[in-house]
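**Q** Quick one: the structure is below, and I'll ask about it shortly.
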Amino acid sequence: MWTTWWLWPLVAVCTADFFREEAERIMKDSPVIDGHNDLPWQLLSMFNNQLQDARANLTTLADTHTNIPKLRAGFVGGQFWSVYTPCDTQDKDTVRRTLEQMDVVHRMCQMYPETFLYVTSSAGIRQAFQEGKVASLIGVEGGHSIDSSLGVLRALYQLGMRYLTLTHNCNTPWADNWLVDTGDSKPQSQGLSPFGQRVVKELNRLGVLIDLAHVSVATMKATLQLSRAPVIFSHSSAYSVCASRRNVPDDVLRLVKQTDSLVMVNFYNNYVSCTNKANLSQVADHLDHIKEVAGARAVGFGGDFDGVSRVPEGLEDVSKYPDLIAELLRRNWTEAEVRGALANNLLRVFEAVEQVRMGWLPERVPPTASRQAAPPVSVPRPATSRRLPRRSPSRGTSWAAPAGRITATPPGPPASITSGGSCWPPSLPWSSVCVSCESWETRAPFRAPGVQGRPAHPGLQMPGTLLLACKDQHLLSGCLGSPGGQDTWGQLRTHTHTVGPQ
């Protein structure tokens, strides 16, 4: 009896060590991508952005949640650094101050090239993983930073912004913030104004992640309905676990699931436990709940380190991530689910956003809209050549693009379309071609994009030839366009059908 009694503590210690060791093993291959860290704000507050100050040395920096040794100990492999300006800068100097904070992120990466790799794409994140560095991306926290200007929005994108939080703790003229739901702010846009809808569409076009942390429920729903790409909540938790309006309610979590979006859980005590004190286990409760309602693909981490004054016991700084992963493993999360929460879910969403930017993904039916069957179609017409007028500010010429006839290649799909003539593609090497085929039954396009001379899809076998996996009858459509979509070369749409084995 006494032997059994003293064995239990030993078993508990050994079990804890096992889960921690498993967490570290997984994180060596799948380091965490954190959605929100306010270290740049701390560098402003503590050192006025003077990174040459000896006290600002990130290898010895004290009194912050984040420094280089802590990042290494926490297996942090990707970080969205928050570029934040307070709401009282709105309609004043917010653009200048946003640029200054973006500059801090750039200089930080330049000063510590052995640790940080500044990246702007999902491919860049993967490269940083391979090099053992922290992929460093910029997230702009607050739509007031664009000063209600799409031109400023585009400029911030060119400077590296890869997500935009639509509001902070204040309304913009075009989107409502979460304090509307508490009654502390008055609604202005009932979610998104018409200009707010243009902002969402422009973010989709640019390939910028849309961040719904800090926004009202109406803004969440309006954006999830409108966006063609998945969205993120860069640092928000579950309302059903802690009834703070900064968190995400279950009906929105279900929309997150429908849109394949992502909630990156916040570690601020008041959003974890709704009190000033919280612990690691309560953070795991939020992760469990989001997984239960929205699915394991919807879970991520957005600790809000260095942006909050109170963090949970057991998650005192960025070095503690392995302890949280060990807790999830203890709760029977599978290795695949853990790897998803660490990195793969964010990479999936980021890649989808990039695909929408390139025009490779089809139009998405809004999550609450009903799908309507396509109208009946008669026997398709043979392919014909169409002349494509190029609409461009620089030239007034037009191009003839032969459509070609689709034939199946034994033993089955994919089928192929081959164009001919010197017009395909125009203006080498900067033009791209994207062709899609739509089933008459579903009207759901399958896209096979590629850039001349640099295949970007397995379907592009050689210049001028695209392979498409199509049904028996479909509509072939294609477009020629310059990168970024600024110039429109025109569209090719022709009815055709496949022959041969399928």
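The values are calculated or read from the model by the stated rules, or taken from the named source; none is laboratory data. Just so you know, these numbers come straight off a predicted model, no measurement behind them. Neighbour counts are summed over all protein chains in view; Cβ atoms, including those assigned to glycine, are modelled from backbone coordinates with ideal geometry. In case anyone asks, the SASA skips ligands and DNA or RNA and just uses the protein heavy atoms, side chains included. Shrake-Rupley method; radii C 1.70, N 1.55, O 1.52, S 1.80 Å.
**Q** Please work out the FRET efficiency for the pair ASP288 and LYS257, using the Cβ-Cβ distance as r and a Förster radius of 22 Å; give the result to the nearest 0.05.
**A** About 0.90, to the nearest 0.05.
**Q** How much accessible area per residue does region 70-112 have, in Å², with a 1.4 Å probe?
**A** Value for region 70-112: 38 Å² per residue.
**Q** What are the ³J(HN,Hα) values, in whole Hz, obtained from phi via the Karplus relation 6.51 cos²θ - 1.76 cosθ + 1.60 with θ = phi - 60°, for each residue of region 63-80 in sequence order, with x given for Gly and Pro?
**A** 6, 10, 6, 10, 8, 5, x, 5, 4, 5, 5, x, 6, 7, x, x, 9, 7
**Q** Could you pull out every one of the lysines with an alpha carbon less than 27 Å from that of LYS291, ignoring same-chain neighbours closer than 8 positions?
**A** Excluding near neighbours in sequence, the set is LYS28, LYS221, LYS257, LYS277, LYS320.
**Q** Quick query: amide H of VAL263 versus all other amide H atoms, modeled in the peptide plane; which residues come in under 5 Å with a sequence gap of 5 or more or a different chain?
**A** PHE233, VAL299, GLY300
**Q** Pairs of Cα atoms under 8 Å, at least six residues apart: use those to get the relative contact order of region 198-245, whole percent.
**A** 40 percent
**Q** What is the set of long-range amide H partners of LEU117 at a cut-off below 5 Å, with H atoms built 1.01 Å from backbone N?
**A** Amide H to amide H, under 5 Å and 5 or more residues apart or across chains, LEU117 pairs with VAL134, ALA135, SER136.
**Q** In sequence order, what are the phi-derived ³J(HN,Hα) couplings for region 244-254 according to the Karplus relation 6.51 cos²θ - 1.76 cosθ + 1.60 with θ = phi - 60°, rounded to whole Hz, with x for glycine and proline?
**A** My calculation for region 244-254 gives 9, 5, 6, 9, 9, x, 5, 5, 6, 4, 5 Hz in order.
**Q** Work through the residues other than HIS214 whose Cβ is under 12 Å from its Cβ and net out their charges, Lys, Arg +1 and Asp, Glu -1.
**A** Around HIS214, the surrounding residues sum to -3.
**Q** Can you give me the long-range amide H partners of GLU313? Hydrogens built in the peptide plane at 1.01 Å from N, cutoff under 5 Å, separation of 5 or more residues or another chain.
**A** ALA278, ASN279, LEU280
**Q** Quick check: net charge around SER236, other residues with Cβ under 11 Å of its Cβ, Lys/Arg +1 and Asp/Glu -1? Can you show the working numbers first?
**A** Details: positive: ARG245, ARG246; negative: ASP211, ASP304.
Taking every Cβ under 11 Å from that of SER236, the sum is 0.
**Q** Please sort 85-96, 26-37 by packing, taking for each peptide the average over its residues of neighbouring beta carbons within 10 angstrom, highest first.
**A** Final packing ranking: 26-37, 85-96.
**Q** Could you run the Karplus curve 6.51 cos²θ - 1.76 cosθ + 1.60 with θ = phi - 60° over region 109-116 and give me ³J(HN,Hα) per residue in whole Hz, x for Gly and Pro?
**A** Once rounded to whole Hz, the list reads 5, 6, 6, 10, x, 6, 10, 10.
**Q** Please state, rounded to one decimal and in Å, the Kirkwood hydrodynamic radius that region 21-95 gives when every pair of distinct Cα atoms enters the mean of 1/r.
**A** For region 21-95, the Kirkwood estimate is 14.2 Å.
**Q** Now a separate question. Considering only protein heavy atoms, with the full assembly of protein chains and a 1.4 angstrom probe, order SER237, SER281 by accessible area, largest first.
**A** Working: SER237 0, SER281 50 Å².
So, going from the largest accessible area down, we get SER281, SER237.
**Q** Test of the criteria: in region 192-291, which chymotrypsin sites (Phe, Trp or Tyr not before Pro) are in a DSSP loop and have at most 13 other Cβ atoms within 10 angstrom of their Cβ?
**A** Counting only loop positions with at most 13 other Cβ atoms within 10 Å, none of the chymotrypsin sites (Phe, Trp or Tyr not before Pro) in region 192-291 qualifies.
**Q** Next question. Quote the relative contact order of region 172-272 in percent (integer), defining contacts as alpha-carbon pairs under 8 Å separated by 6+ residues.
**A** Across region 172-272, relative contact order equals 25 percent.
**Q** Counting other Cβ atoms within 10 Å, which GluC sites (Glu not before Pro) in region 276-363 have at most 12 and lie in a DSSP loop?
**A** Taking region 276-363 and a limit of 12 other Cβ atoms within 10 Å, the loop GluC sites (Glu not before Pro) found are GLU363.
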